[in-house]
Structures are given as C-alpha cells and as structure tokens.
Amino acid sequence: MPQPVIPVVGEKMPDLTLVDAGGRPSSLADVTDGRRAIVYFMRTSTCPVCLAHAAAIQRLFDAGEVADAAFVLVPPGGRDEAVVTEGRVRAARGTRAEVWASGSDHGNVGLGRFLGLQHSGTFVIDERGVLLAVRARTLPIRNF
C-alpha cells in the first residue's frame, strides 16, 4: 500500500470536508475563511498528548506570539469526536480553538497510520491556504 504524501511548504493545503460538534459539514477553506491558520490534526479526540499540544499552541496565542491566525483542532472521526474534543479543550482551559472533525480525511493531508497509531500533524497556512510550515509525525510531541 502506498504511503500517504504530506504536502510541503509552498503547496496549497488540500481542502477537506470537516464536521463540527453540531454535525454541520464545512470545507477547511470555509472554516479558515481567508485567515491565516494553525491547523492541528490530532491522533484521537482523547489523546492526552494531543490535548497538551493543543494547550501549548493556545499558550502561544495567550502570549501574543501568534497574531490573528485561526486555530483549528481536527480529530479524526465524525461529530461525536468533535463533541469530545470540544468538551476536553474547553474543560482544560479556555481556548480560541475551533473544533472540526475530519471523518477519515487525515489521510488526505498525508497523515497515515503506523502500527495502528494515527499520525498527527501541525500545518500553518496563509490567507490563501498555502502552507507556511508543516510538522507531521507519529507522536504528537514531535509536531512542535
């Protein structure tokens, strides 16, 4: 089976279909709506390391190190995973993250599975959806 291909800096971010906690579908392009964005694809909605990584991204916003970018958290799965993720990030600490689940589209940004582990990745995109930075790994701690 061919390995998924992770897009590289300078390429346009693939436009995925996402779903929010209310079950409403949208495209990644519509979610970011012409804003710069940090898009973090989580391993699972309950991954404690992924949630810690999301909190670290939030601290960058809190410290003023990230200007006016959107912050999009993307667990794999559907509406139920968006609900769980949204609840966990809100319970842990206030966040500006927008939560949208990817269904099975993690693979469409090159994030496959290795020994049953879903890969995760952090993608920074500009206003046009062009990738400015990409970090994708099996373990979330390597995404920063």
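Some notes on this structure:
Results for (1) open to solvent by less than 40 Å² (accessible area, probe 1.4 Å); (2) of a type outside the set (Gly, Ala, Ser); (3) within 27 Å of LEU117 (Cβ to Cβ); (4) within 13 Å of the chain's Cα centre (by Cα), shown as yes or no for each residue.
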| position | (1), (2), (3), (4) |
| --- | --- |
| VAL5 | no, yes, yes, no |
| GLY22 | no, no, no, no |
| ASP30 | no, yes, no, no |
| GLY34 | no, no, no, no |
| VAL39 | yes, yes, yes, yes |
| ARG59 | no, yes, yes, no |
| ASP62 | no, yes, no, no |
| VAL66 | yes, yes, no, no |
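- Which numbered condition HIS53 fails, given (1) closer than 24 Å to ARG128 by Cβ; (2) open to solvent by less than 30 Å² (accessible area, probe 1.4 Å); (3) within 15 Å of the chain's Cα centre (by Cα): (1)
- The stretch 105-132, subset in a helix (DSSP H, G or I) and of a type outside the set (D, E, K, R), residue surrounded by the fewest Cβ atoms within 10 Å (Cβ to Cβ): GLY107
- Among all residues of the stretch 85-97, there is none that is within 21 Å of VAL134 (Cα to Cα) and outside any loop (DSSP other than H, G, I, E, B).
- Filtered by the rule that a residue be touching a residue at least 40 places away in the same chain (Cβ under 8 Å) and part of a loop (DSSP other than H, G, I, E, B), the stretch 50-71 gives a lone residue, ALA69.
The values are calculated or read from the model by the stated rules, or taken from the named source; none is laboratory data. For clarity, every value in this text was computed on a predicted model and none was experimentally measured. Note that each Cβ is placed from the backbone with ideal geometry, even for glycine, and that neighbours are counted across all protein chains shown. Side chains included, ligands, DNA and RNA excluded: accessible areas come from the protein's heavy atoms. Shrake-Rupley method; radii C 1.70, N 1.55, O 1.52, S 1.80 Å.
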